[in-house]
Every structure is written in C-alpha cells, then in structure tokens.
There are 2 protein chains.
Amino acid sequence: MNVEAKLQPPYARVRAANRADYDRATIHAILDAAIVAHVGFVDDGRPMVIPMIFGLIGDTIYLHGAKATRIIKRVGETAPLCLTVTHVDGLVVARSAFHHSINYRSAVIHGTARHVTDSQEHERALVAVTEHLLPGRWDEARPMTEKESRATGVLALDIEAASAKIRQGPPVDDEADHDLPIWGGVLPVATAIAAPVHDGRMADGGVPPASLLKARRKFGA
Amino acid sequence: MNVEAKLQPPYARVRAANRADYDRATIHAILDAAIVAHVGFVDDGRPMVIPMIFGLIGDTIYLHGAKATRIIKRVGETAPLCLTVTHVDGLVVARSAFHHSINYRSAVIHGTARHVTDSQEHERALVAVTEHLLPGRWDEARPMTEKESRATGVLALDIEAASAKIRQGPPVDDEADHDLPIWGGVLPVATAIAAPVHDGRMADGGVPPASLLKARRKFGA
C-alpha cells in the first residue's frame, strides 16, 4: 500500500493555507469520502454527538438503525440536526508552538430530521446507506426481508445549510522563525484500507466481491 | 508501511461482537489515540458539531483557539459540551444487507466547559494540546511568546460522564445465510501516517525531529 505516493501534496500550488469553501460539489465530495459522520442533536437541553454511518441522495442524508430512531422518539416529530464529517490529511508542524495546526477537510451540515415513513423512500435510503460504504453491495448481498426492513428505522436529514472548511499545505511560520534550526513541514495522514479478511465460513472459497475493491479505492489511500 | 500486519485481528478470541465498555483506561486510550474530536454544543437552541484538536490532563480535556472561545462567548460563563472521538477499524461485510456494520472504538464525553483564566493552567493546557499530537514537540519548538499565549483562548471541559463503545470482529450473520455463496468478513481500516514532508525552508538540512517519529507510532498503523 503506497500511502506516501498519494500523500505528497503539490504544496507549491497551494497559495492560501487556510480557506473556506462552500461549493456544493466540494461538500458532496467530502461527505462521499467519509465512512462515519458525527451527528449532533439536543437531548433534554444538552448536546449529544454520536458517530453514525449514512447515505446521501441528492440533498438528503439518510441515517438508519436504533441510534437514528432514538434521536427522534416519535414518528411525526422533527428535530434540528447537525452532521459533521472530517478527514484529517496531516499534522502541520511549525517552528513555533503557536503555529502548529492540522490539514483537514470538513463539512458541517445543518438540517431538520424526520422519520421516513414512505416505504419507497425507506428502501431507497437503506440502499443508499449500504452502497455508500460498499458500492455495489446491495445486489451482492442476500436481499432484505420484509421483517428486517420493518425493523430498521430510518431518519432523513434534509440539508438546509452546509459549509466546508479545508486547510492544506505547509506551516505558516513567522518569517523570522525560518532562521531557527527547527524542522517545519507536514506529517501526512490518510485512511488506509487493508486486504479483506474473510470469516472462514465461505461456501464458495472466499473470493472477495467487487464491492470490496470499490470500497478500498473509495476510502483508502 | 505494513498496514495489513497490524490489522489482522485475532477474530477467534472475540466472543461478543458488540460490547459497551465504560472502563476509564479504555476511554482514555481511545481519546489518546485520536487526532481530532467532534465537539457538540447548543448554539441558539440548535445543535452544532465542530472538529477540534484537544489535550487531556487527568479528567479534564482542553480545547484552544478561536473556535473554542466562540463556544462560550463570555469569560465566566459555562456551557454543556459533548466531545466524541471515533476510530473506524473496519467495514463489516455480512451476507445479508441487514447485518452490515462497522468495527469501531468510540468515546462520548459529557461535561461542562469553562474559560481557563488561571495563567498556569492556561500554559499547561497549551502544552497538553501540542504534546497530544506531537509528543515532545513543546520543547523542540520556538517557545510561545507572551503575546501568542494571550491571543490563544483555552476552554477546559471537566469530564462529568464518559462512555465507550467498541465493536470488533466478523459479521454476525443469520445461521442459514452461511450456506449462501456470498462473501462475509471484514475490510480492515486504519489511520496511516506517511514520511514527513519538510517545507523546503530548513536551515539545518531538514532532519525530522523525534516528536514526528513518536506521532507516527502513536497515530499510524
């Protein structure tokens, strides 16, 4: 796995070390590359943040399972939600303690969540969550039964506001500090995905399906 | 970088696929291994989640910088905070769409945040945040000036409640699904850290300092 090759950033081409980017395509790309999101809601007046997997269709994010349905106790009610995704791309090592930072891409989504009650939207959402992590897996896997589908609560978060923030590039040191004999640069960070590990119970000899290769390419360095 | 070697989990020894763990040492280990936390607070009645770096001293978590001080507008006020850290360890690929999951370790911290006004606690906090990411860096870097220190707001989050959740191991499929010719297992995921990239402005030839090696061992696979 050649992580270094992918991680050598074209620093020379980066003009501004800090920039905020609110472009829709940028935000979707940040969401698409994330395995988990951190979902924040207000629980009895207090903030609560839980990690969740998700799926994305257009401008709606879908969350599923027991945790999702606990966010809104009753069908028919809605709740304000904040969903944040962060990719750490590097530790920024400056000459001064003050200018240390990290390189990252993050997206912060605000919206209102609702229970999904329409059966067609419910199925599309389950497909989207599965396919987000493992593209093509829905058709490889044993189909969901009626009972399993009914047991899986789904929330839809309709995106009302979204923003992205990206920091890339070398440290921004004080000019005078460049004369000091202190190292400055970046320690690159990435998500790595290793070879699939089968569970030893394969009837067909255990050949990994195409969805695993797609996931490895999508999430791994 | 041999990610696979570290990621082959001893699946045979994992009895329960899902377990919650509330042990203090486990929670601290999860926090210690994290580069960023997702910090949730209530902003004008709505949830807000932002990624932040942090430091840990005993049962207090420190946050610093402009984002931290915007969480609580006025010195002297406090605010309930939720800080969550998640490590994704694998995509759990089941035979049925229903039993797909992820392997992860997460910690959810609840507490009350306050501005740090004591100058000694303020300095200890800045050291802790720097050293959390780069152990030993505080003494390698150019010392923080009085002006830089004053410009860096610090919040302390005194931990009031904490919990961890860990899922490891292979998929838990329905027994009947093992007869299907469908692959089941885990796609291991890890954080990888590549070789340091200097910024080309080194007065001393660019030899990476010890803190980078320590960070690479601490966070990388």
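Readers should treat all values here as calculations from the given coordinates under stated rules, not as data from a laboratory. Please read these numbers as outputs of a predicted model, since none were measured by experiment. Note: ideal-geometry Cβ built from the backbone for every residue, glycine included; neighbour counts use all protein chains shown.
Residues B:LEU56, A:LEU133, arranged from fewest to most other Cβ atoms within 10 angstrom of their Cβ, appear as B:LEU56, A:LEU133.
Sort out the exposed loop trypsin sites (Lys or Arg not before Pro) in chain A (DSSP loop, at most 10 other Cβ within 10 Å) and tell me the longest stretch that has none.
After excluding every exposed loop site, the longest remaining stretch is A:75-221.
Charge dipole (Cα centre; +1 on Lys/Arg Cβ, -1 on Asp/Glu Cβ; no other charges) of chain B amounts to roughly 320 debye.
The GNM of chain B, with springs linking C-alpha atoms under 10 angstrom apart, assigns the highest mean-square fluctuation among B:ALA162, B:ALA34, B:ALA25 to B:ALA25. Backbone phi angles across region A:136-153, fed through the Karplus curve with coefficients 6.51, -1.76 and 1.60 (θ = phi - 60°), yield HN-Hα couplings of x, 5, 3, 7, 7, 7, 5, x, 6, 7, 4, 5, 5, 4, 5, 7, 10, x Hz in residue order; Gly and Pro are listed as x. Computed over neighbours whose Cβ is under 13 Å from that of A:ARG124, the net charge equals -4, Lys and Arg +1, Asp and Glu -1. Among the residues of B:28-40, the average count of other protein chain beta-carbon atoms within 10 Å of the residue beta-carbon is 4.
Can you give the local net charge around A:LEU56? Use residues other than it whose beta-carbon is closer than 11 angstrom to its beta-carbon, Lys and Arg +1, Asp and Glu -1.
After counting each charged neighbour, the total is -3.
Distances between copies at A:ALA176, taken between label points 7 Å from Cα along the C-beta direction, are 7.6 nm in increasing order.
Selection among A:ILE53, B:HIS115, B:LEU91 by position relative to the dipole of the protein assembly as shown gives B:LEU91 as farthest towards the positive end (Cβ unit charges, Cα centre). Centroid-to-centroid, using Cα positions, region A:90-133 and region B:41-70 are 18 Å apart. Each other copy holds its own label point for A:LYS67; taking that point as 7 Å from Cα along Cα to Cβ, the gaps run 1.9 nm, nearest first. For the set B:LYS67/B:LYS147; A:LYS67/B:LYS73; B:LYS67/B:LYS165, the pairs lying more than 22 angstrom apart at their alpha carbons are A:LYS67/B:LYS73; B:LYS67/B:LYS165.
Charge tally around B:ALA215: other residues with Cβ under 14 Å, Lys/Arg +1 each, Asp/Glu -1 each, net +2. Straight Cα distances below 19 angstrom link B:LYS218 to the aspartates and glutamates A:GLU4, A:ASP89, B:GLU4, B:ASP32, B:ASP89, B:GLU131, B:ASP139, B:GLU140, with same-chain residues fewer than 8 positions distant left out. When the Cα positions of A:ALA37, A:HIS100, A:ALA210 are compared along the charge dipole of chain A, A:ALA210 comes out farthest toward the positive end, with charges on each C-beta of Lys, Arg, Asp and Glu. Across peptide A:77-87, the average count of Cβ atoms from other chains found within 10 Å of a residue's Cβ is 4. Net charge dipole, the protein assembly as shown: roughly 180 debye, given to the nearest 20, about the Cα centre with Cβ charges of +1 for Lys and Arg and -1 for Asp and Glu. Within a 10 angstrom radius of each residue's Cβ in A:52-61, how many Cβ atoms of other chains show up on average? Whole number is fine. For peptide A:52-61, the averaged partner shielding equals 1. Between A:LYS218 and A:THR145, the modelled labels are 2.7 nm apart [label points 7 Å from Cα along Cα→Cβ]. Modelled spin labels at B:GLU77 and A:ASP23, positioned 7 Å past Cα toward Cβ, are 3.6 nm from each other.
Listed from fewest to most Cβ neighbours within 10 Å, the set B:LEU126, A:LEU157 follows the order B:LEU126, A:LEU157. Across the identical copies, the label point of A:ALA210 (7 Å from Cα in the Cβ direction) is separated from its matches by 5.3 nm, in order from shortest. Using equal-weight Cα scatterers in the Debye expression, the normalised intensity of chain B in log10 at q = 0.12, 0.16, 0.17 Å⁻¹ is -0.79, -1.15, -1.23.
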